[in-house]
1. Quick check on region 258-271: of everything there that is small (Gly, Ala, Ser) and in a helix (DSSP H, G or I), which residue is surrounded by the most Cβ atoms within 10 Å (Cβ to Cβ)?
2. Which of the residues that make up region 139-156 are in contact with an Asp or Glu (Cβ under 9 Å, 6 or more places away or on another chain) and within 17 Å of Leu203 (Cα to Cα)?
3. If you take the residues in region 283-301 that are modelled with pLDDT of 95 or more and within 21 Å of the chain's Cα centre (by Cα), which one is surrounded by the fewest Cβ atoms within 10 Å (Cβ to Cβ)?
4. Return yes when Pro250 is more than 19 Å from the chain's Cα centre (by Cα) and closer than 30 Å to Gly91 by Cα and no when it is not.
5. Only one residue in Val274, Val246, Val218, Val254 is buried (at least 22 other Cβ atoms within 10 Å of the Cβ) and in contact with a strand residue (DSSP E or B) (Cβ under 6 Å, 6 or more places away or on another chain). Which one?
6. Within 22 Å of Arg221 (Cα to Cα) and free of Cβ contacts under 8 Å to residues at least 24 places away in the same chain - does that describe any residue in region 371-389?
7. Scanning for something buried (at least 18 other Cβ atoms within 10 Å of the Cβ), free of Cβ contacts under 8 Å to residues at least 40 places away in the same chain, in contact with a strand residue (DSSP E or B) (Cβ under 7 Å, 6 or more places away or on another chain) and farther than 23 Å from Arg273 by Cβ, does region 394-407 turn up at least one residue?
8. Of the conditions (1) out of contact with any Lys or Arg (no Cβ under 7 Å at 6 or more places or on another chain); (2) of a type in the set (A, V, I, L, M, F, W, C); (3) modelled with pLDDT of 65 or more, Leu457 fails just one. Which one is it?
Amino acid sequence: MLGIHLAELTSANDQGITDAVEVVAGLDAALVDGLGRLGPDAAEALSALGAAVSGSPLAGAVDSAIAAVRDGRIDLEALAALAAARAALLGAVHDALLARFDEAVGRERGLPAAAPIAAAAGGAVTGCRAWLQELAINGWRGVDHDLVAAADRIIETLWSAPRSRRSAVLLDGFAAELRAAAPIATMDRIPARRWADLWTRALLLTWRGEDTAEPETVTGRLLVVGVDVHEHGTAVQAQAHGVLEVNAGPARLVRVSIGAAKVDSIVGPAVWRVLGEHPRLLRALAERRAITVTDMPLTATGDLLWIDERAELAEEADPFTTARVALPEAVAAALAPLDRHPVHLGEPVLVENYRFEDGALVVDGHRLPVELDRLPRCGPLTPELVAVSTACIGLVRWDSDGWRVRPLGLEYPVKKTAAYAHTGDWALGPTDPKAAKALAKSGDSVAVLRERAGRLLRK
């Protein structure tokens with residue numbers, strides 16, 4: 001369990017990781033002003049990037065790319081080499097952090113699968129590359145509405161091809177963020193790292209293409225450990241983490257992700273209503289039940305592709321019992337190559353025997369900060385419950401300033417007995433009387449919006 005090895009996780013020397021992140025930050029800063037306006041700092045950042053990958057197979061391509069950019073020849077091959085170098089550095093950081101985590105908690109992890117890749121081709125891919133090239137030349141400060149609008153037809157074409165949906169979703173969201181911020185030259189603070197992440201991934205997808213491996217089908221018992229909710233103004237996603245017990249082989253650590261579009265007026269416990277197409281999963285979360293799955297698709301990266309009709313509710317299954325007994329034995333899946341990025345680190349763990357102090361769980365003097373600002377409003381977890389808790393199921397994540405934990409479930413004392421709260425407890429509606437009363441008072445916004453949409457469609 002994590003508390004026993006917290007010192008091993010948080011006390012290691014991070015100098016190599018810090019150096020790699022600083023090199024990436026230098027390239028990100030260069031993309032803010034644009035590679036077409038290469039200043040002394042940007043030139044130095046490119047040199048640092050070349051030095052960082054000098055001993056890798058990318059060395060020759062990156063050196064050529066740096067020379068081309070310095071000469072003002074910012075072609076697609078040069079940009080692809082820079083993007084690959086950036087992704088490789090962050091991938092190395094991810095691998096180092098994940099290896100440390102696995103050692104600290106004793107987690108076994110499978111090897112990455114060699115997935116077949118379909119070559120990216122076609123007019124949409126060519127147009128996508130050209131647009132990303134213009135972004136890199138102009139920089140984020142040079143993005144205006146005309147440059148963003150140039151992506152509209154490209155995105156529309158990508159949406160029309162099933163194998164390009166991944167690129168379409170990414171590019172559509174990226175363009176929407178740029179459009180909302182344009183003209184970016186007037187912004188006080190530019191999200192340089194995030195936009196460089198999106199640019200890098202989008203560009204590499206145009207060269208790499210889409211994974212074409214078919215998922216396997218599995219049958220077994222799913223024991224949910226906890227659920228993480230990602231909520232934005234126009235979308236919500238619930239991602240359940242659990243242990244899948246199969247008939248043959250070891251238990252596996254898996255993820256189940258369900259999502260839906262929404263409007264920004266649907267907030268708090270009401271967001272569960274837009275996920276209503278998955279009633280069996282929602283009921284299993286709310287009632288803390290095990291689930292029997294039959295012929296459910298499972299990807300090589302550990303994502304269980306949810307089909308509600310292939311799931312049946314089973315007996316009650318306490319998430320803390322699962323975390324104590326089944327989680328330590330489950331084998332985790334390796335990530336896909338392009339997902340090897342520190343932002344994708346999110347490993348379920350159980351932390352016990354701690355005290356809460358100044359926003360962190362403290363074990364034997366070692367601190368693990370808690371993401372109190374990421375507690376979802378659609379569940380019963382609050383900072384006050386975290387402060388009095390005695391055990392925590394959470395996702396261990398890494399940010400630029402170190403490791404942290406995002407609570408998914410808490411054990412806490414109530415009149416000398418143990419009580420429990422989990423994010424998914426309100427999947428069928430809030431169980432807290434105050435929250436239920438507030439939801440009833442505000443009205444069923446989902447039902448109102450559906451009724452209005454129905455009237456518009458009937459006209």
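The values are calculated or read from the model by the stated rules, or taken from the named source; none is laboratory data. Since this is a predicted model, take the numbers as computed values, not measurements. When we count neighbours, we look across all protein chains shown, and the Cβ atoms used for this are built from the backbone with ideal geometry, even at glycine.
1. Quick first cut of region 258-271, residues small (Gly, Ala, Ser) only: 259-261, 265, 268, 270.
Subsequent filtering for residues that are in a helix (DSSP H, G or I) retains 268, 270.
Working: Gly268: 18, Ala270: 22.
Per the stated criteria, the residue is Ala270.
2. Gly139, Trp140, Leu147, Ala150, Ala151, Ile155 - these are the residues of region 139-156 that are in contact with an Asp or Glu (Cβ under 9 Å, 6 or more places away or on another chain) and within 17 Å of Leu203 (Cα to Cα).
3. In the first step, residues of region 283-301 are kept if they are modelled with pLDDT of 95 or more; the result is 283-298.
From the residues that got through so far, the ones that are within 21 Å of the chain's Cα centre (by Cα) too are 285, 297-298.
Values: Leu285: 28, Pro297: 16, Leu298: 20.
Among those residues, the one meeting the criterion is Pro297.
4. On the way: more than 19 Å from the chain's Cα centre (by Cα): yes; closer than 30 Å to Gly91 by Cα: yes.
So Pro250 fits the description; yes.
5. On the way: Val274 fails: buried (at least 22 other Cβ atoms within 10 Å of the Cβ); Val246 fails: buried (at least 22 other Cβ atoms within 10 Å of the Cβ); Val218 fails: buried (at least 22 other Cβ atoms within 10 Å of the Cβ).
The conditions single out Val254.
6. Step one: list which residues in region 371-389 are within 22 Å of Arg221 (Cα to Cα), which gives none.
No, there is no match, as no residue in region 371-389 is within 22 Å of Arg221 (Cα to Cα) and free of Cβ contacts under 8 Å to residues at least 24 places away in the same chain.
7. Taking every residue of region 394-407 in turn, at least one turns out to be buried (at least 18 other Cβ atoms within 10 Å of the Cβ), free of Cβ contacts under 8 Å to residues at least 40 places away in the same chain, in contact with a strand residue (DSSP E or B) (Cβ under 7 Å, 6 or more places away or on another chain) and farther than 23 Å from Arg273 by Cβ.
8. It fails just one condition, (3).
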